[in-house]
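Engineer: The structure is given below, and queries will be raised subsequently.
The values are calculated or read from the model by the stated rules, or taken from the named source; none is laboratory data. Note that this is a predicted model, so its numbers are computed, not measured. No Cβ is skipped: glycine too gets one built from the backbone with ideal geometry, and neighbour counts run over all protein chains shown. Side chains included, ligands, DNA and RNA excluded: accessible areas come from the protein's heavy atoms. Shrake-Rupley method; radii C 1.70, N 1.55, O 1.52, S 1.80 Å.
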Amino acid sequence: MPRTLVIAPNWLGDCLMAQPLLMLLKARQPAIAIDVVAIPAVAPVFRRMAQVSVVIEAEARHGSLGLRQRWRLGRSLKGRYAQALTLPNSWKSALVPFFADVPVRAGYVGESRYGLLNVRHKNPQKIAPRTPMAGFYAQLAEPPNRPRAGALPPPRLAVDPLAVIAAKAGIGLRPGEPVIALCPGAEYGPAKRWPSEYFAETAARLKAAGMMPIVLGTQKDAPVGLSIEQLSHGAALNLAGKTTLDDAINLIAGSTLVITNDSGLMHIAAALERPQIALFGSSSPEHTPPLSAKAQVIYRALDCSPCFARECPLGHFRCMREIMPAEVIARALAISRQENAG
């Protein structure tokens, strides 16, 4: 059986946007086995992708080369793969396929990787930084300089219905209780985050309408989760930093609606086909859109947007502050009515 090695991105959202590439590879060669090297923080999503055969966890400390660790991993994989696709643009991310002596090693040119890659693609993001990320990754399924044609399949994650029921029961939710998942985090920086007080106002209004708002996120999001819980006077149940990624996926899968910044959890909600309201400010819904027909995007498209900055360079943060809670609440109530009617 031919095997392909994929070096995964380290960002959760990028991992979901890379799934259409795996789908293309599998559609063209149904017998192919795709193994993915991923850091532990994102490995759970690849275990839920039908296209992935094996997930190889490899810890990588930020800013660390980890040369010995990468050499050992590469040598342990020697002789297993016909080709490798390196999705991140960094030099160090291309080391494992090189050390594994994979005969075909493809990826985008960047950080002087000419010796590590032998199938080199020009990086379109250097020319057009708003290139859709899903298409950026999917292009690696083609030979260099041959444009990819056709629409991409949307990401999809597998879910066990019993695990969804257990996850909801584990936080004290009643069967059939409508859940609103609030995802206030955004790993890249505060410029992508809707204000906490807006999330809190939304949570309080939706709780009064008979829904159960829960806050999901990583340990880094725990302070903002606590802030939302306090500002909403307990209307929102703060679970940020208190669940595993698998738990969060199951809770999103069991939610009536997801309200989220442009974040990894936004892409998970899209892959689970949950109705969602996606809030964009400093980033672009053309570059990293939620790939789902059930997603509603709110984006003000100001003259200064998208800036792709970690913090608002102008100090006013209008791109997010001008998305008022009243609009989000109205949309959320309308979506809830549609879901109940369906």
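Engineer: Please report, as a whole percent, how much of the solvent-accessible surface of the chain comes from carbon and sulfur atoms (probe radius 1.4 Å).
Structural biologist: Using a 1.4 Å probe with all protein chains present, the chain comes out at 55 percent carbon and sulfur.
Engineer: For region 13-60, how big is Rg over Rh, using alpha carbon atoms and the Kirkwood form of Rh?
Structural biologist: My calculation puts Rg/Rh at 0.96.
Engineer: Could you give the dipole magnitude of the chain about its Cα centre, charging the beta-carbon of Lys and Arg +1 and that of Asp and Glu -1, in debye to the nearest 20?
Structural biologist: In debye, rounded to 20, the chain gives about 1100.
Engineer: Here's a follow-up. Measuring with a 1.4 Å probe in the full set of protein chains, what accessible area per residue, in whole Å², belongs to the chain?
Structural biologist: Here the residues of the chain average 45 Å² of exposed surface.
Engineer: Per residue of region 281-293, in order, report the coupling 6.51 cos²θ - 1.76 cosθ + 1.60 (Karplus, θ = phi - 60°) as ³J(HN,Hα) in whole Hz, putting x for Gly and Pro.
Structural biologist: Working through the residues one at a time gives x, 6, 9, 10, x, 7, 7, 9, x, x, 8, 7, 6 Hz.
Engineer: So what is the 222 nm mean residue ellipticity for the chain from helices alone, if each DSSP H run of at least 4 adds -39500 (n - 2.57) and you divide by all residues, rounding to the nearest 500 deg cm²/dmol?
Structural biologist: -9000 deg cm²/dmol
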